[in-house]
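The values are calculated or read from the model by the stated rules, or taken from the named source; none is laboratory data. Remember, predicted model here, so these are calculated numbers, not experimental data. Counting neighbours? That spans all protein chains shown, and the Cβs are built from the backbone with ideal geometry, glycine included. Accessible surface is based on the protein model in full, side chains and every heavy atom, while ligands, DNA and RNA are left aside. Shrake-Rupley method; radii C 1.70, N 1.55, O 1.52, S 1.80 Å.
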Amino acid sequence: MNQSDITKRYPSVFQIKDGCIYRKSSSKNGEKVTRLCNFAPFISVEKTVDDGAEEVKLLTLSGIHADGSVLPEADVSGAELGSFNWLIQKWGAKCILEVGSSVKEYVRYLIQQTAKYAQQIIVFEHTGWKKINGEWHFLLPADDMYDVQLKGKLASYCKENSFDVSDLKAAYKLTELPPAPREIILTLLAFTFLTPLGEFLRQAGCMPRFVLNLIGRTGTRKSTLAALFLSFFGSFNSGNLPLSFRDTANSIIHNSFALKDVLTCIDDFHPSGRDDEKKLTATAQSIMRAYGDRTGRGRLRADSTLMEARPPLGNAIVTSELPPNIGESGTARYFSLKLRDGDVDLQALTRFQHMAEQGVFRRTMFAYTEWLKSFINDGKDSEYSRLLKQQFELYRDEFMKNSAECHGRVPETVAWLRIGMYFFTMFLKDYGVTDSQRAEALEDEFEILLNNLANRQSDRIESERPTTVFVKKICSLIESEAVSVVHLRVKEQFVPHNFIGCEDDEYLYLNRETAHRAVRKLCDEQGESFSVSCAALVKQLAEEGLIKTLQSGNTVSLRFAGKNRRYIALRKKAIEFILNEE
């Protein structure tokens with residue numbers, strides 16, 4: 001754009017001469033002309049940037065310099081514009097504002113006067129469902145209707161904007177010729193097709209609150225398998241997975257907010273030493289709680305106003321060589337799938353990778369989200385959310401009715417995954433890829449596999465229960481003679497230096513503080529977490545019926561070595577039951 005074209009955008013009191021801006025004003029001595037700067041700026045684009053929590057205005061500035069050069073486009077926020085702190089950083093030291101108390105205000109004014117000529121655009125910095133002009137639309141980069149931009153490591157997310165039924169048939173082969181054990185592939189498929197339902201499950205108050213943990217030794221192709229399923233939402237392989245345990249926990253959770261209603265992967269929980277294990281375990285704990293609770297951190301702006309919370313809004317696969325040691329509560333927030341050496345059929349995996357590279361899976365997901373629009377547009381989204389909640393409660397209650405007592409999160413996880421499989425099969429039925437009989441058979445098979453996985457998950461959570469950990473560690477300490485327990489039938493009673501209690505045929509009588517301290521020390525030496533307090537531990541032991549309780553409290557008085565002391569009386573039958581459950 002030349003000087004003449006830019007001048008037409010400025011108010012008449014400003015003019016450009018030799019690439020510099022002048023302001024004309026009247027005085028008693030006649031017309032006065034004052035130079036303001038040696039460059040001519042204008043707004044070329046006014047962007048509304050929607051990050052999913054709030055909208056921010058960004059101005060793209062263009063211009064020419066007095067030396068005749070074209071200045072590069074520069075993005076400046078509305079808050080930055082009038083300060084001109086951006087000027088040297090964006091356009092260099094050759095762009096000079098003249099001296100004067102009002103110069104900045106005049107230049108800011110003339111820049112804003114060019115806004116009416118600027119292109120107006122909306123940029124979305126998040127994925128997933130967005131209601132635009134009264135209609136729901138599924139956003140991903142490369143959308144043919146809206147500008148969606150993701151930054152940095154998230155750049156591999158992208159969308160196809162057409163499909164053919166042959167794409168759906170090819171994707172369905174994952175169920176017919178799976179590249180890994182069926183329980184793993186079907187669970188990953190259910191998780192993948194559950195993910196775009198997140199917005200409406202959130203509206204219903206039952207958004208998925210778990211991550212999928214794909215566990216396997218190095219070389220088992222766990223990252224490659226995770227990338228295969230991420231390929232429904234972009235162009236991924238094991239080398240460009242979007243998130244990693246080498247990122248900070250804050251950056252992972254920040255990015256997971258932008259990845260709304262899509263699948264992501266947090267790759268490679270693989271501690272290389274004691275310090276590294278503590279760091280990665282803390283990151284894993286933060287991730288599991290963020291996805292497991294779906295709550296973001298409350299933060300304040302510089303002016304002390306409250307910022308919108310930014311919890312994770314999509315679903316995540318975590319790959320790891322071993323399960324993170326994050327206690328009972330953390331373990332309840334992930335669902336494990338274990339890959340063993342030789343589980344993956346490399347030839348089958350390669351065939352599906354070629355499909356992914358050709359966009360087959362992305363086109364399948366485009367067909368799926370377009371199919372979902374028929375249920376949610378035209379004001380039907382509220383009713384749809386209500387029906388999703390009913391289906392969630394039905395599956396959850398069905399599992400609870402038919403299964404033994406388990407952690408409360410397990411039936412919910414089963415329900416969410418069954419919803420994912422149900423919608424996958426219903427979608428394929430509607431497009432004629434499968435029929436009702438085969439769809440029902442697949443759902444029934446998945447239910448059986450999922451129940452088996454859920455029972456194993458329940459056992460895993462149970463093994464992380466503080467009371468279970470305490471019992472196992474105490475027995476380990478006694479067996480290794482790191483601590484001493486003296487039997488009450490010993491005639492010459494004495495107190496060894498590592499004494500923690502005594503025993504009879506029915507109970508193990510433990511000094512609660514000493515025993516608790518010994519277990520915490522052992523866990524710390526083994527790089528494990530045991531953060532429950534002594535009082536909380538005793539209370540939980542009592543609630544689970546593992547110790548003898550009296551009306552006076554959770555301890556019993558016992559005379560030993562000439563002294564009366566109070567002990568927790570741990571039932572030996574309970575100890576045997578816990579040890580035999582391993």
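If you take the beta carbon distance between GLU383 and LYS173 as r and set R0 to 35 Å, what does 1/(1 + (r/R0)^6) give as a FRET efficiency, to the nearest 0.05?
0.55
State to the nearest 20 debye the size of the charge dipole of the stretch 333-471 about its Cα centre, where the only charges are +1 on K and R beta carbons and -1 on D and E beta carbons.
The dipole of the stretch 333-471 has a size of about 360 debye.
How much of the DSSP bridge set in the chain is antiparallel, in percent, rounded to the nearest 5?
Expressed as a percentage, antiparallel bridges in the chain total about 65.
Highest first, please rank the peptides 24-33, 61-70, 460-469, 356-365 by the mean number of other Cβ atoms sitting within 10 Å of their residues. Each step should come with its number before you reach the end.
Details: 24-33: 8.2, 61-70: 16.6, 460-469: 19.4, 356-365: 21.5.
Sorting 24-33, 61-70, 460-469, 356-365 by mean packing, highest first, produces 356-365, 460-469, 61-70, 24-33.
Hey, can you grab everything whose amide H is under 5 Å from the amide H of ASP51? Only 5+ residues off in sequence or another chain; H modelled, so Pro and N-termini drop out.
HN-HN under 5 Å from ASP51: VAL56, GLU125.
Can you bin the stretch 55-142 into rounded, prolate or oblate? Criterion: square roots of the alpha carbon gyration tensor eigenvalues sorted a ≥ b ≥ c, rounded for a/c under 1.5, prolate for a/b above b/c, oblate for the rest. Please list the in-between numbers first.
Numbers: a/c = 2.77, a/b = 2.27, b/c = 1.22.
Since a/c reaches 1.5 and a/b is larger than b/c, the shape of the stretch 55-142 is classed as prolate.
For a quick size check, give me the Cα extents of the stretch 297-442 along its three principal axes, largest first, whole Å.
55, 49, 41
Can you tell me the accessible area per residue over the chain, all protein chains present, probe 1.4 angstrom, in square angstrom? Walk me through the numbers on the way to the answer.
Numbers: 27360 Å² over 582 residues.
Spelled out: the 1.4 Å probe surface of the chain, per residue, equals 47 Å².
Whole-Hz ³J(HN,Hα) for each residue in the stretch 455-467, computed from phi via Karplus 6.51 cos²θ - 1.76 cosθ + 1.60 with θ = phi - 60°, x for glycine and proline: what do you get?
Computed from phi, the couplings for the stretch 455-467 are 5, 5, 5, 4, 4, 5, 5, 4, 5, 8, 4, x, 5 Hz.
Quick check: pseudo-label points 7 Å beyond the Cα along Cα→Cβ at GLU543 and ASN455, how many nm apart are they?
Between GLU543 and ASN455, the label points sit 2.7 nm apart.
Report, in debye and to the nearest 20, how large the dipole of the stretch 36-144 comes out about its Cα centre when Lys and Arg carry +1 and Asp and Glu carry -1 on their Cβ.
It works out to roughly 380 debye.
What pairs in LYS153/LYS380; LYS153/LYS429; LYS473/LYS548; LYS131/LYS173; LYS472/LYS539; LYS57/LYS153 have C-alpha atoms more than 26 Å from each other?
Going by Cα-Cα distance, LYS153/LYS380; LYS153/LYS429; LYS131/LYS173 fall outside the 26 Å limit.
Using packing as a proxy for protection, rank 551-559, 325-333 so that the peptide with the highest average count of other Cβ atoms within 10 Å comes first. List each step's numbers first, then the result.
Details: 551-559: 12.9, 325-333: 21.3.
Per-residue Cβ counts within 10 Å, averaged per peptide and sorted highest first, yield 325-333, 551-559.
Using a 1.4 Å probe over the heavy atoms of the protein chains, calculate the carbon and sulfur portion of the accessible area of the chain as a whole percent.
Solvent-exposed carbon and sulfur of the chain make up 47 percent of the total.
Give the share of C-alpha pairs in each 10 angstrom bin for the stretch 90-230, from 0 to the last occupied bin, in whole percents, shortest bins first.
Histogramming the stretch 90-230 at 10 Å steps yields 8, 23, 27, 17, 10, 10, 5, 1 percent.
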